[in-house]
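The values are calculated or read from the model by the stated rules, or taken from the named source; none is laboratory data. Small disclaimer: the values here were computed from a predicted structure and weren't measured. Please note: Cβ atoms are built from the backbone with ideal geometry, for glycine as well, and neighbour counts cover all protein chains shown.
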Amino acid sequence: MNHLIAPSILAADFANMQRDIEMLNQSEADWIHVDIMDGVFVPNISYGFPVLQAVKKYAEKPLDVHLMIVDPDRYLKEFQQKGADGITVHFEACTHLHRTIQGIKELGCRAGVALNPHTPVAFLDDIIEDLDLVLIMSVNPGFGGQKFINNTYKKLHDLKALSAARNPNLFIEVDGGVGGQNVKELVNAGANVLVAGNSVFSAGDQALAIKNLKNPQ
């Protein structure tokens, strides 16, 4: 199966972050997913620039930065300077989405848009050709360990169909409730990047958990 794995360090051990990043470096993970939450757009606060900069110091894999914040345009340059290789903003947080996406690209980062569970894929029709990545949230953003929302499969099918003719190289990412129980179904529905937090970092052998997500039996 030809898909990427992006473990989310939101589920890592914050007291041993260097250890966990070095584990990811040695694993079959492709990207490192970094969730930035402001306590306003989502009801949780995670970490900001100092932590991102510290992660970048040790990370040998691209940092996939997911901004769950209001007014992300204010901070794009600083996230790029602190180590983001890709920056994903929320459709629901951007008043001028084209401008935001162009701003990310001008910084040399992969430009992505995330959709909350209630936001239809059809809302991306006018911008699909400008995107490098679309992140389908399969839980309501803000906290790890939530129950997977089954309508995600339909949204993945819809996004795959939308991108097929107009942006066939689009990264289709899914985040929330991803684990060994649904990898094959998610990939078959159209996902080619899987974000996994608890299913990786709660495992006894985390590198093996990543390997199994990358190569499901």
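For segment 157-198, give me each residue that is of a type in the set (A, V, I, L, M, F, W, C), surrounded by 20 or more Cβ atoms within 10 Å (Cβ to Cβ) and part of a helix (DSSP H, G or I). If you could, list the steps in order and put the result at the bottom.
Residues of segment 157-198 of a type in the set (A, V, I, L, M, F, W, C): 159, 161-162, 164-165, 170-172, 174, 178, 183, 186-187, 189, 191, 193-196.
From what is left, the residues that are surrounded by 20 or more Cβ atoms within 10 Å (Cβ to Cβ) are 159, 170-172, 174, 178, 183, 186, 189, 191, 193-196.
Those that are of a type in the set (A, V, I, L, M, F, W, C), surrounded by 20 or more Cβ atoms within 10 Å (Cβ to Cβ) and part of a helix (DSSP H, G or I): Leu159, Val183, Leu186, Ala189.
Suppose we keep only residues that are out of contact with any strand residue (DSSP E or B) (no Cβ under 8 Å at 6 or more places or on another chain) and in contact (Cβ under 8 Å) with a residue 24 or more places away in the chain within segment 103-119. Which one would you say is farthest from Leu63 (Cα to Cα)? Before the answer, list the steps.
Our first condition is that a residue be out of contact with any strand residue (DSSP E or B) (no Cβ under 8 Å at 6 or more places or on another chain); within segment 103-119, this holds for 103, 106, 108, 118-119.
Okay, now just the ones that are also in contact (Cβ under 8 Å) with a residue 24 or more places away in the chain, so 103, 108, 119.
Numbers: Gly103: 18, Gly108: 13, Thr119: 25 Å.
My answer is Thr119.
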The one condition Gln81 fails out of (1) in contact with a Cys (Cβ under 8 Å, 6 or more places away or on another chain); (2) free of Cβ contacts under 8 Å to residues at least 12 places away in the same chain is (1)
*asked:* So for segment 12-20 (the condition being at pLDDT 95 or above, under 21 Å from Cys109 (Cβ atoms) and surrounded by fewer than 22 Cβ atoms within 10 Å (Cβ to Cβ)), does at least one residue qualify?
replied: no
Return yes when Asn25 is outside any helix (DSSP H, G or I) and surrounded by fewer than 18 Cβ atoms within 10 Å (Cβ to Cβ) and no when it is not. no
Per the filter on segment 1-57, residues among the aromatic types (Phe, Trp, Tyr) and out of contact with any Gly (no Cβ under 9 Å at 6 or more places or on another chain) are Phe14, Tyr47, Phe49
Of the residues in segment 179-207, those that are under 24 Å from Phe14 (Cβ atoms) and in contact with a Ser or Thr (Cβ under 9 Å, 6 or more places away or on another chain) come to Gly179, Val195, Ala196, Gly197, Asn198, Val200, Phe201, Gln206, Ala207
Original post:
Any chance segment 44-54 includes a residue that's closer than 21 Å to Leu194 by Cβ and at pLDDT below 95?
Top reply: yes
Per the filter on segment 28-58, residues part of a helix (DSSP H, G or I), under 27 Å from Glu92 (Cα atoms) and of a type in the set (Val, Ile, Thr) are Val51
For Leu162, are the conditions met, namely being in contact (Cβ under 8 Å) with a residue 12 or more places away in the chain and under 13 Å from the mean Cα position of the chain (by Cα)? no
